[in-house]
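This report concerns only the one structure given below.
The values are calculated or read from the model by the stated rules, or taken from the named source; none is laboratory data. Here the structure is a predicted model, which means the values were calculated and not measured. Counting neighbours? That spans all protein chains shown, and the Cβs are built from the backbone with ideal geometry, glycine included. When the accessible area is computed, the model is the full protein with side chains, heavy atoms only, and any ligands, DNA or RNA have been set aside. Shrake-Rupley method; radii C 1.70, N 1.55, O 1.52, S 1.80 Å.
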Amino acid sequence: MMPQSRFIAAVDPVIARAREMQKMTYDPAKEGEVKAPNYVGWDAEIDGDFKKLSVGAIKGGRPYEKICDSALDLIGFTPMVRMSRFAKFFDVECELLSKVELFNAGGSVKDRIAKRMVEEAEKSGRIKPGDILIEATSGNTGVGLCLVSAIKGYKQIICLPQKMSGEKVNTMKCLGAEILRTPTEAAWDAEDSHIFLSARLAKDLGGHVLDQYKNAGNPLAHYDGTAEEIAEQCEGKLDYMIMSTGTGGTMTGVAKKLKELIPGVQVVGVDPYGSILAEPAHVNDKSNRTGQEKLSAYQVEGIGYDFIPTVLDREVVDHWVKTDDDEAFAMCRAIVRHEGLLIGGSCGSTVAGAYRFIKENKIGKDKRCAVLLADSSRNYMSKFMDD
Ligand SMILES: Cc1ncc(COP(=O)(O)O)c(C=O)c1O
């Protein structure tokens with residue numbers, strides 16, 4: 001057997017310093033001024049970047065006939081699946097389709113933005129392999145970035161609220177990243193939040209926050225990629241596209257492109273009670289059924305926020321639906337059980353929202369609805385997948 005000492009590696013001084021800073025409360029006298037970014041919803045600046053950086057439809061598909069260069073080739077070009085068994089069980093009359101993002105290399109829709117944000121930053125000369133990348137995330141962007149960093153050779157630090165699953169943490173650690181946890185209850189701009197910690201670390205360590213909340217590469221990955229795929233897979237026939245919203249990058253990018261390609265398509269946003277992303281503002285106040293209030297903690301991961309990310313253009317959303325935790329997790333289990341699709345927690349919110357929208361608006365036989373299923377059961381084996 002190898003001697004034990006062979007396996008004890010010295011801690012990288014950058015990581016040692018990051019760990020030390022996570023334990024220290026922010027002290028402006030020592031660290032200088034650090035501010036959380038000013039997220040304002042979609043504005044002229046991001047609109048300009050978005051238009052400038054679009055590369056048009058990303059072509060290529062899954063290269064299954066050839067050997068891939070790396071797992072980066074396994075991001076995007078995900079399948080669409082008919083949810084006809086689920087629809088039959090729940091007495092849904094319209095055609096129900098799903099865009100199944102768990103088939104991305106890292107297991108979620110966020111692999112797309114991780115790849116795109118890194119590629120854009122490399123193209124502009126902002127980063128090069130060996131640099132330190134730091135990101136505040138609810139986990140899936142983290143997994144995507146850790147995967148891209150592992151392949152391309154970046155040092156990756158992830159700032160992650162405590163609520164997010166241990167499965168995501170283990171995945172990111174195995175990909176070589178350092179994970180620093182922050183309190184779930186911290187407001188987004190509080191000095192103990194994951195967003196604030198990422199800003200402190202970037203300043204102290206000379207790292208780069210690509211910042212999914214305001215990086216045009218986030219909605220662009222969906223505008224040039226996800227939406228083009230959906231339009232092609234649906235052969236231009238789609239009446240309703242239903243998506244959950246976290247940063248809003250998926251919503252903004254998919255909705256903008258689908259509205260260009262498929263005239264008349266309506267976009268439905270799903271937002272959990274507790275979050276304030278839905279409009280008009282009063283719909284966020286409280287769930288009449290469960291009593292879940294605005295800005296109170298909820299369990300579903302990856303969607304909903306207490307601020308409006310810059311990459312979220314709420315103008316593109318035609319209808320909002322609010323959902324509760326209990327219906328989301330029940331829906332997850334129903335999707336797994338009836339469709340054999342091993343999807344994650346936010347997919348339950350999306351489908352619960354879709355179901356309510358379809359029933360309340362009596363969307364019938366001649367209509368086609370699609371939902372975007374963002375991630376995989378792998379992230380939640382100890383959570384809603386565990387009885
Ligand atoms: C599980 C899950 N679902 C949905 C989303 C929402 O995606 P977006 O940030 O593009 O709104 C995320 C984002 O992290 C997520 O992790």
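Data table
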quantity: Among residues of the range 347-356, those that are out of contact with any Phe, Trp or Tyr (no Cβ under 7 Å at 6 or more places or on another chain) and more than 18 Å from His319 (Cβ to Cβ), counted; calculated: 1
quantity: Failed criterion for Gly302 (all others in (1) at positive phi; (2) among the small types (Gly, Ala, Ser); (3) without any contact (Cβ under 8 Å) to a residue 12 or more places away in the chain hold); calculated: (3)
quantity: Matching option when the condition is among the small types (Gly, Ala, Ser) and assigned to a helix (DSSP H, G or I), among Ala221, Ala187; calculated: Ala221
quantity: Search result, residues across the range 240-266 that are in a helix (DSSP H, G or I) and within 17 Å of the chain's Cα centre (by Cα); calculated: Gly249, Thr250, Met251, Thr252, Gly253, Val254, Ala255
quantity: Some residue of the range 281-293 being touching a Gly at 6+ places or on another chain (Cβ under 7 Å), of a type in the set (Val, Ile, Thr) and away from the ligand (no atom under 16 Å from the Cβ); calculated: no
quantity: Residue count for the range 129-155, restricted to those that are at pLDDT 95 or above, open to solvent by 10 Å² or more (accessible area, probe 1.4 Å) and not basic (Lys, Arg); calculated: 10
quantity: Options Val336, Val267; residue that is farther than 30 Å from Asp189 by Cα, within 16 Å of the ligand (Cβ to nearest atom), among the hydrophobic types (A, V, I, L, M, F, W, C) and in contact (Cβ under 8 Å) with a residue 24 or more places away in the chain; calculated: Val336
